[in-house]
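For reference, the structure discussed in these notes is given below.
The values are calculated or read from the model by the stated rules, or taken from the named source; none is laboratory data. Since this is a predicted model, take the numbers as computed values, not measurements. Glycine also receives a Cβ, built like all others from the backbone with ideal geometry; neighbour counts cover every protein chain displayed. Calculation scope for accessible area: heavy atoms of the full protein, side chains included, ligands and nucleic acids excluded. Shrake-Rupley method; radii C 1.70, N 1.55, O 1.52, S 1.80 Å.
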Amino acid sequence: MAGVELARTDLMSRAQAGDGEAFRALTEPHRRELQVHCYRMLGSFQDAEDALQDTMLSAWRGLERFDGRASLRTWLYRIATNRCLDTLRAARRRPAKQWDIPGTEPPEPTGLGEIHWLEPYPDALLDGAITVPLGPEARYEQTESISLAFVTALQILPPRQLAVLVLRDVLGFHTNEVADMLDTTVESIKSALKRARAGMQRRLPVIAAGERRPADDSPAGDSPAEDAIVAKFVSAYESADIDALVDLLTDDVFMTMPPMPLEYRGRDSVARFFAFIFGSVDRFELVPTRANGQPAFGVYRPTPTGTHGVGLFTITLAGDRIGAMTRFEDTVLSIFGLPPSLPSAQ
């Protein structure tokens, strides 16, 4: 153990003297979890990546002022959190997108969403990012706190409350650590946390009550039971079979499609939307992946010029049915390493 500390001290001395390789060796172990932290706060993969780059640049430029009073990890979280707060306060959000397919109009939505900047997060980038040891104050399961429902709910909170809740209840930092990160008092942090918890309670009453989510009958990720439901979904979607798809939905299924604010709630409403989509398409091709701990699919449409990507779908299971769906634009396919078009069949 003493040898490890000696090596870390040597790396720090070299990094503070301007050794870039030493700096990368010190910070790389924290990079993935910091990116997830920025994603939780900002709800956008691209914004999180930008905030992470700003964090690393600021850390490099300010490393000579790092005095070791807090751990390097805590110091990096301080920088990352404040970079995210700067982004949130600047309100430089991408605007909501309107329906833009000429000559067609979608069914009347049941509502219009506020969080139109939401983007998915690839499960492939979660390896090593949500298994880090948490502080004693953590209240949420790490897999739950990366779900699309949770990240969406966070975006409703005012920036300071959002930061406090993530640092305290998701990551488990002590109140005094959070106060130091945000340059404020312990009393201020306690007040903000109380308001943030109340906000999350209204949005996600089950998982915001400070208790673990009760076990339900939804299948575990990548289990045979999940695979069976996913196979039915893929079959129904690829064949544009509206009846088979609707049979998989819960009565209160909820569908969103950022950056468009359109929301459809309830089986009948979602059925009307898919009847509209399937009405002009004979079939689709789906390429499986995973996003935010949920099954996800690159959606491709055959055309005379090739099979082109038209979006990415995530589904949230509720028991043996689908309780929520989120449709993202084709611009997110590259985040998942999915091609813009599929190769032609030989």
Check your understanding: Within the set of pairs 6 or more residues apart or between chains, which connect a residue that is small (Gly, Ala, Ser) inside segment 16-31 to a residue that is open to solvent by 50 Å² or more (accessible area, probe 1.4 Å) and outside any loop (DSSP other than H, G, I, E, B) with Cβ atoms less than 7 Å apart?
Key -> Ala22/Arg14
Check your understanding: Considering Ile115, Ile79, which residue is surrounded by 18 or more Cβ atoms within 10 Å (Cβ to Cβ), of a type in the set (A, V, I, L, M) and not in a loop (DSSP other than H, G, I, E, B)?
Key -> Ile79
Review point. Only one of (1) surrounded by 17 or more Cβ atoms within 10 Å (Cβ to Cβ); (2) over 19 Å from the mean Cα position of the chain (by Cα); (3) under 30 Å from Gly113 (Cα atoms) is not met by Phe173, so which one is it?
Key: (3)
Practice item. Would you check if Ala236 is in contact (Cβ under 8 Å) with a residue 12 or more places away in the chain, open to solvent by less than 30 Å² (accessible area, probe 1.4 Å) and assigned to a helix (DSSP H, G or I)? Key: yes
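Residue-wise test of (1) farther than 20 Å from Lys97 by Cβ; (2) modelled with pLDDT under 95; (3) in contact with a strand residue (DSSP E or B) (Cβ under 7 Å, 6 or more places away or on another chain).
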{"site": "Thr289", "(1), (2), (3)": "yes, no, yes"}
{"site": "Val299", "(1), (2), (3)": "no, no, yes"}
{"site": "Thr307", "(1), (2), (3)": "yes, yes, yes"}
{"site": "Phe313", "(1), (2), (3)": "no, no, yes"}
{"site": "Leu317", "(1), (2), (3)": "yes, yes, yes"}
{"site": "Asp320", "(1), (2), (3)": "yes, yes, no"}
{"site": "Thr326", "(1), (2), (3)": "no, no, yes"}
{"site": "Leu342", "(1), (2), (3)": "yes, yes, yes"}
{"site": "Gln346", "(1), (2), (3)": "yes, yes, no"}
Practice item. Run Leu88 past the list (1) assigned to a helix (DSSP H, G or I); (2) open to solvent by 40 Å² or more (accessible area, probe 1.4 Å); (3) touching a Pro at 6+ places or on another chain (Cβ under 6 Å) and report the number of the one that doesn't hold. Key: (2)
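Condition check ((1) assigned to a loop (DSSP other than H, G, I, E, B); (2) modelled with pLDDT of 95 or more; (3) open to solvent by 70 Å² or more (accessible area, probe 1.4 Å); (4) more than 30 Å from Gly337 (Cβ to Cβ)) across all residues:
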position	(1), (2), (3), (4)
Ser58	no, yes, no, no
Ala96	yes, no, no, no
Arg139	yes, no, no, yes
Ser145	no, no, no, no
Exercise for review: Go through segment 94-134 residue by residue and tally those that are within 18 Å of Ala275 (Cα to Cα) and of a type in the set (Phe, Trp, Tyr).
Suggested key: 1
Point to revise | Restricting segment 118-137 to residues that are under 15 Å from Arg40 (Cα atoms) and modelled with pLDDT of 90 or more, the residue that is surrounded by the fewest Cβ atoms within 10 Å (Cβ to Cβ) | key: Leu125
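Yes or no, residue by residue, for (1) modelled with pLDDT under 95; (2) part of a helix (DSSP H, G or I); (3) aliphatic (A, V, I, L, M); (4) surrounded by 13 or more Cβ atoms within 10 Å (Cβ to Cβ):
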| site | (1), (2), (3), (4) |
| --- | --- |
| Ala179 | no, yes, yes, yes |
| Thr184 | no, no, no, yes |
| Gly199 | yes, yes, no, yes |
| Pro205 | yes, no, no, no |
| Ala215 | yes, no, yes, no |
| Ser218 | yes, no, no, yes |
| Asp222 | yes, no, no, no |
**Study point:** Test: Ser71 is more than 18 Å from Ile156 (Cβ to Cβ), modelled with pLDDT of 90 or more, of a type in the set (Gly, Ala, Ser) and open to solvent by 40 Å² or more (accessible area, probe 1.4 Å)
**Key:** yes
Review point. Residues in segment 101-109: is at least one touching a residue at least 24 places away in the same chain (Cβ under 8 Å) and aliphatic (A, V, I, L, M)?
Key: no
Exercise for review: Look through Asp50, Asp100 and report the one residue that is over 26 Å from Thr143 (Cβ atoms) and open to solvent by 70 Å² or more (accessible area, probe 1.4 Å).
Suggested key: Asp100
Exercise for review: For Glu21, state whether it is at pLDDT 85 or above, over 28 Å from the mean Cα position of the chain (by Cα) and either part of a helix (DSSP H, G or I) or within 16 Å of Ala129 (Cβ to Cβ) (or both).
Suggested key: yes
